[in-house]
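These notes are about the structure you will find just below.
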Amino acid sequence: MKIILLGAPGAGKGTLANGLIKKLNIPTISTGDLLRNEVKSGSELGNQVKDIMQSGKLVPTEVVLKLLQNRLALGDTKNGFILDGFPRSLEQAKLLEQITEIDKCLNLVIEKQVILDRICGRRTCKDCGNIYNTNTYKNQKCECGGELYAREDDNPETVAKRFDTFVTNTAPLIDYYKNKGILENVICQESADETLQNALEILKK
Ligand code: AMP
């Protein structure tokens, strides 16, 4: 199954994706992670996009699309995949259609205030990618023993900008996929487990 996760920054796309991977046995492709890997590697492309990401704006589509196409070309996507963070605009949605069909678009529904409370406490494991929140997880290390880090763009200023970018560029995709008949709303206000159960119920339909 080919799934898109749509939702504001901090809505829980990454956490839901990590849960779905285990249940559906298909990989998640996060364009944010692909870009962060480039930044970390110090590649020319990484240096070009670093400041854009830090400002909370969108990286040029052609750059993200190239990374996405390279990732989709790896053999592990033949039974499907979960896209986290792509598409983020109508332009990207239309380009995606030229590369692959999509079965379902899960729209993560959450109030803005819950996001703002959550996102600045987000911590990610350097080794396994598991995501925690300092409000609910008090350990300094991941359950796998890996070190936890806060993303550079999870600060209040960049988060506010990323939220605006979402409303302007990405929110129109909700209607776009609704009109295609593949949009499903997932309420993700509560715990990660409940959100995962909601999503699995919807995917079973
Ligand atoms: P994310 O991890 O999905 O929150 O993405 C982090 C940052 O990477 C975003 O704020 C953008 O600057 C950039 N980014 C990720 N995916 C895309 C995309 N599909 N189009 C443009 N920029 C993106």
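The values are calculated or read from the model by the stated rules, or taken from the named source; none is laboratory data. Note that the structure is a prediction, hence the values are computed from the model and not measured. Counting neighbours? That spans all protein chains shown, and the Cβs are built from the backbone with ideal geometry, glycine included.
Quick notes on this structure:
- Residue match in region 70-86 (condition: over 28 Å from residue 183 (Cα atoms) and either out of contact with any strand residue (DSSP E or B) (no Cβ under 9 Å at 6 or more places or on another chain) or surrounded by 15 or more Cβ atoms within 10 Å (Cβ to Cβ) (or both)): no
- Residue 52 vs. criteria within 13 Å of the ligand (Cβ to nearest atom), closer than 28 Å to residue 164 by Cβ, β-branched (Val, Ile, Thr) and without any contact (Cβ under 8 Å) to a residue 12 or more places away in the chain: yes
- Test: residue in region 67-89 that is among the hydrophobic types (A, V, I, L, M, F, W, C), within 13 Å of the ligand (Cβ to nearest atom), modelled with pLDDT under 95 and not in a strand (DSSP E or B): no
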